[in-house]
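The values are calculated or read from the model by the stated rules, or taken from the named source; none is laboratory data. Quick caveat, the model's predicted, so the values are computed rather than measured. Quick reminder, even Gly has a Cβ in these numbers, built from the backbone with ideal geometry, and neighbours come from all protein chains shown.
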Amino acid sequence: MPEMPPVGIALIGSGRISGAHLAAAMAVPDAVRIVATVDPDPAAAQQAAASFGALALTSLDEALALPDVEAVLISSPNTLHGEQALAALAAGRHALVEKPLAETGAQARMLASEAARHGLVLAAGHTYRHNAAVDTLIDRMPDWGPLRAVSVSSCVFWDGPQAPWWATRSPEEGLILSLFAPHSLDFVQLVMGADDPLRVHAEAARWQPGWAGEDEAMITLAYPGRRMASVHISYNQRSVFDRKSLHFAQGVAEIVDGEVLKWNGDVLVCPPEGVLVNPRQMGGRRMGHFFEQQLREFAAAVRGLPHCCPTGHDAARLIELIDRIKASARTNSADAIDPPFEG
Ligand SMILES: NC(=O)c1ccc[n+]([C@@H]2O[C@H](COP(=O)([O-])OP(=O)(O)OC[C@H]3O[C@@H](n4cnc5c(N)ncnc54)[C@H](O)[C@@H]3O)[C@@H](O)[C@H]2O)c1
């Protein structure tokens, strides 16, 4: 990026994932500067602020009153994203909002309109698009002939809620379809371009007793031009599995473990040593570079430079798609989610 002052950021929500954002901010001081951290728990805000000499605050309004805060990074629980992003935009601040951008498509669309109206950047934390395998795939795709089918399988293991609010999400609000599906669907949107699916079919199930929502889902999507996609996501797979296959007229591209890009079996992109430590295990992949690149791209967007962040419009399209997926899953498989767990 050309010489520009780093973007002054207030981190809103100093919980579990904030550690990844703070470590990334520490690694890219030329792009961003943490000016304040916010959490209703003062100790959490203080701990997050300490290494940056930032202000530790307990409310978003206090952060929005600081002139140095050009942007907010919202990493609070999902139900707060919509209202906090709206407050930030209304106060003239750019926003990078952890996924999901909002709980409903209508709310997400309203945020995208507000950002456009104020000329502000609204980006969503679709973190895993920010890497060399995805960038190279997007660059090379036009050489490989028409894309016909995409298959994404992203399966991890969470032994119960990772934050208390996971346990209280209702089946209607959605668990994995709200928390995890955005990453896989963002990839599908990236490769399918501006088209939204013509048809959506989803099945979902709950295997674990520690929450009320679905923890496993299978989604099929029909796109204009006879193209198709399938997405399988799971919180129940102890041997972590992360594959993306793309069937083009001239062959098959794959992204394995989020990092290795292959074309007809030949490796085109491989991460540096030490990134894929043990990709079959939870925590066995180094993820810091995704978060660092995400902050660099967001800073570029705020400075009006070329960037790879999802736009507010694309993030809203994604939440509108999730609305359709949730509705399909409720219609098709509510009986696999709602009954008391007996297994
Ligand atoms: N990009 C990724 O890969 C990724 C990974 C994990 C989580 N996330 C997302 O990050 C967000 C946070 O998840 P988490 O696991 O860190 O949750 P968490 O519960 O650990 O952290 C949320 C924090 O927000 C604080 N908070 C509550 N109310 C607040 C308010 N009004 N203002 C400011 N802060 C408030 C809580 O005290 C807590 O410290 C979620 O939206 C989740 O979907 C993204």
- request: Taking the options S239, S245, name whichever one is assigned to a strand (DSSP E or B), in contact with an Asp or Glu (Cβ under 8 Å, 6 or more places away or on another chain) and of a type in the set (S, T, Y).
  value: S245
message: Considering only region 309-324, I want to know if a residue exists there that is among the acidic types (D, E), free of Cβ contacts under 8 Å to residues at least 40 places away in the same chain and surrounded by fewer than 18 Cβ atoms within 10 Å (Cβ to Cβ).
response: no
- prompt: Filtering region 178-189 down to residues that are under 17 Å from A316 (Cβ atoms) and either within 12 Å of the ligand (Cβ to nearest atom) or without any contact (Cβ under 8 Å) to a residue 24 or more places away in the chain (or both), which residue is surrounded by the most Cβ atoms within 10 Å (Cβ to Cβ)?
  reply: A181
field: When residues of region 98-120 are limited to those that are under 16 Å from I325 (Cβ atoms) and away from the ligand (no atom under 16 Å from the Cβ), the one surrounded by the fewest Cβ atoms within 10 Å (Cβ to Cβ)
entry: A106
message: Residues that are within 16 Å of the ligand (Cβ to nearest atom) and surrounded by fewer than 21 Cβ atoms within 10 Å (Cβ to Cβ): does region 145-155 have at least one?
response: yes
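Listed here are the residues, each with its yes/no results for (1) surrounded by fewer than 22 Cβ atoms within 10 Å (Cβ to Cβ); (2) in contact (Cβ under 8 Å) with a residue 40 or more places away in the chain.
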site: L11; (1), (2): no, yes
site: A23; (1), (2): yes, yes
site: A49; (1), (2): no, no
site: L64; (1), (2): yes, yes
site: V72; (1), (2): no, yes
site: H81; (1), (2): no, no
site: A87; (1), (2): yes, no
site: L96; (1), (2): no, yes
query: When you look at E103, is it within 19 Å of G174 (Cα to Cα), not β-branched (V, I, T) and not in a strand (DSSP E or B), yes or no?
result: yes
message: Could you go through region 211-219 and let me know if any residue there is more than 16 Å from the ligand (Cβ to nearest atom), assigned to a strand (DSSP E or B) and surrounded by fewer than 20 Cβ atoms within 10 Å (Cβ to Cβ).
response: yes
- prompt: Just wondering, is there one or more residues in region 121-131 that are within 16 Å of the ligand (Cβ to nearest atom), of a type in the set (S, T, Y) and under 23 Å from R285 (Cβ atoms)?
  reply: yes
query: Could you say whether any residue in region 34-49 is away from the ligand (no atom under 14 Å from the Cβ) and under 19 Å from A91 (Cα atoms)?
result: yes
message: Of the conditions (1) within 16 Å of the ligand (Cβ to nearest atom); (2) in contact with a Phe, Trp or Tyr (Cβ under 8 Å, 6 or more places away or on another chain), A253 satisfies every one except a single condition; which number is it?
response: (1)
task: From (1) modelled with pLDDT under 95; (2) of a type outside the set (V, I, T); (3) touching a Lys or Arg at 6+ places or on another chain (Cβ under 6 Å), pick out the condition that doesn't hold for A31.
output: (1)
task: Return yes when Y235 is touching a helix residue (DSSP H, G or I) at 6+ places or on another chain (Cβ under 6 Å), of a type in the set (F, W, Y), in the same structural domain as P182 (by TED's automatic domain parsing) and under 18 Å from P142 (Cβ atoms) and no when it is not.
output: no
- prompt: Could we say that A116 is in a helix (DSSP H, G or I), at pLDDT 95 or above and farther than 30 Å from R286 by Cβ here?
  reply: yes
